[in-house]
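The values are calculated or read from the model by the stated rules, or taken from the named source; none is laboratory data. This structure is a prediction, so every number in the text was calculated from the model and none was measured. Here Cβ is always computed from backbone atoms with ideal geometry, including for glycine, and neighbour counts include all displayed protein chains.
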Amino acid sequence: MPRRWRVALCGYYGFGNLGDELLAEALLSALEREGVSRDEAVLLTANPGAGRALGVQAVQRWSVRDVFGALRRSDTLLLGGGGLFQDSTSLRSCAYYWGVVRLARLAGAVPWCVGQSVGPFRTAVGRTLARKALADCAARGVRDDRSRALLAQWGLSSALSPDPVVSLPASGEHSGGEGRTLLLNVRPWTDDLADRTAREASRFAEVRGLSVTGVALSDEDRRLMEDQIARGVLAAREVVLLDAESWRLRSEALFADAAAVVSMRYHFGLLALLARLPVCLSAYDPKVAELANEWGVPAWTGEGALPEPTRPAGATDELPERFADFFHRLWADVRLAAEGGV
């Protein structure tokens, strides 16, 4: 069958989580810089309608027939960023992406991955599925040292790069500390860390005379914070939902009046770090702790008082170029593999 597409892009897309939609946008833009037009890419997503808003053909990720058909007509399969290989909540994520990689191999599409945070794993099955899927990738890009070390234990090489979202045009740097608002993001999790984070952030804001604004990256974040307000856990004046259409303008306005940011979500924390605001991350997952370590800001695990948010260490201007150089090298390796039929 003739190959219509050069890349089939697969991730946790179409579920209404802004962080994952930003990953899709960033990777499609990176492919465009490498000469791969959006007409030459197809998106595997839970919401094909929203996927087509990105200017690419989209197929339903839950349809084995549609996914296999797309892979048969694509040169490569790109696993595009995030914590795809982990079993913190269930085995479904590992099983799904392992299955897509197996379909790609059967269909003759070369698998590769970018921007991965690998693990944590609670089960031997989850670890095995992840290892097998990543071993089948012709090139592997990870976004933290912990993931690179884990892949090295498995005998797999990988390249380290910033998260793809750093390459997106975003809000500029802000003074931080001059605003009168604490921006808070919490997300549902398996324990009560979200409630503990909300209580501590509210206490922190009260002591410093700050108001609190909740910032949601998904409807589940919004519902959680609205429930926390109703229960008296969170002392926020409002909850703002950032979506794929409005995130840039709304985050610009929020950051302009922010004194500091407390975030559970990886990508809201990253956006605040790119704006050089004082940040404290509530580390529900090792990938969030790694982000805090990389940027030199505090990570809180739910014990004791919330640490003072701090500005990120190091410069950010070079990050888009660093990611572009990394992606260029990885794409060159993948093209060679695809042309060689590996």
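A few comments on the model shown:
- Sole residue being charged (D, E, K, R) and out of contact with any helix residue (DSSP H, G or I) (no Cβ under 7 Å at 6 or more places or on another chain), chosen from Arg146, Arg127: Arg127
- Only one of Ala235, Ala260, Ala289, Ala256 that is under 17 Å from Ala216 (Cβ atoms), of a type in the set (A, V, I, L, M) and not assigned by TED's automatic domain parsing to the domain that holds Gln116: Ala235
- Residue count, the range 277-293 (criterion: under 13 Å from Asp145 (Cβ atoms) and part of a loop (DSSP other than H, G, I, E, B)): 0
- Leu184 vs. criteria in contact with a Leu (Cβ under 9 Å, 6 or more places away or on another chain), assigned to a helix (DSSP H, G or I) and within 24 Å of Ala289 (Cβ to Cβ): no
- Qualifying residues in the range 282-311 (those that are crowded, with 21+ Cβ neighbours inside 10 Å and touching a Phe, Trp or Tyr at 6+ places or on another chain (Cβ under 7 Å)) - the one farthest from Asp192 (Cα to Cα): Leu291
- The range 219-254 - residue that is small (Gly, Ala, Ser) and within 20 Å of the chain's Cα centre (by Cα) and, of those, nearest to Asn185 (Cα to Cα): Ser251
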